[in-house]
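**Student:** Here it is: the structure, laid out below.
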């Protein structure tokens, strides 16, 4: 047997052997890390420190929310709620616009065909109720956004008497 053949055989044997050693070292390292993590979690001092850290994180979160409210800044959850509410109102407004367009087309048809005004008045009454619902939703949204704030007179809407 030549030196090259011996080296080839030795290299072939060292490949699987090396892989076996690597797997054993990796497995034993994983076991050691897992045991260390279990021991740390069972340690009352470490466990107490983790509980204290989580409690401090919660208190900090509450303090941040309180500070943001005091500065009248919305939190991320408030902005998300506002966005969902605005999408809902936008959809309702689109429905109302569609209803107004249909009413307008019917009005044109009524003018041409001489239909009874009672049907038109009923339809307009339903649209008026939908607009009232939308107005209540917008008012509720304003209250949610800034519960203690008073709107300037320029931003408020004047009451219109019905009649």
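The values are calculated or read from the model by the stated rules, or taken from the named source; none is laboratory data. None of these values were measured; they are calculated from a predicted model. Cβ placement follows ideal geometry from the backbone for every residue including glycine, while neighbour counts extend to all protein chains displayed.
**Student:** Within segment 72-108, how many residues are in a helix (DSSP H, G or I) and in contact (Cβ under 8 Å) with a residue 24 or more places away in the chain?
**Tutor:** Adding up the residues that qualify gives 14.
**Student:** May I pose another question? With respect to residue 105, determine if the residue is exposed (fewer than 11 other Cβ atoms within 10 Å of the Cβ), over 30 Å from residue 143 (Cα atoms) and in the same structural domain as residue 138 (by TED's automatic domain parsing). Before you say what the answer is, go through the steps one by one.
**Tutor:** Working: exposed (fewer than 11 other Cβ atoms within 10 Å of the Cβ): yes; over 30 Å from residue 143 (Cα atoms): yes; in the same structural domain as residue 138 (by TED's automatic domain parsing): yes.
In short, yes.
**Student:** Just to be sure I understand, how many residues within segment 16-42 are exposed (fewer than 10 other Cβ atoms within 10 Å of the Cβ) and either modelled with pLDDT under 85 or touching a strand residue (DSSP E or B) at 6+ places or on another chain (Cβ under 6 Å) (or both)?
**Tutor:** 1
**Student:** Which condition number does residue 125 fail, the rest of (1) modelled with pLDDT of 80 or more; (2) within 30 Å of residue 68 (Cα to Cα) being met?
**Tutor:** The single condition residue 125 does not satisfy is (2).
**Student:** Another question, if that's okay. Take residue 7 and tell me if it is under 30 Å from residue 76 (Cβ atoms) and either in a helix (DSSP H, G or I) or modelled with pLDDT of 85 or more (or both).
**Tutor:** Here the answer is no, as residue 7 does not meet what is asked.
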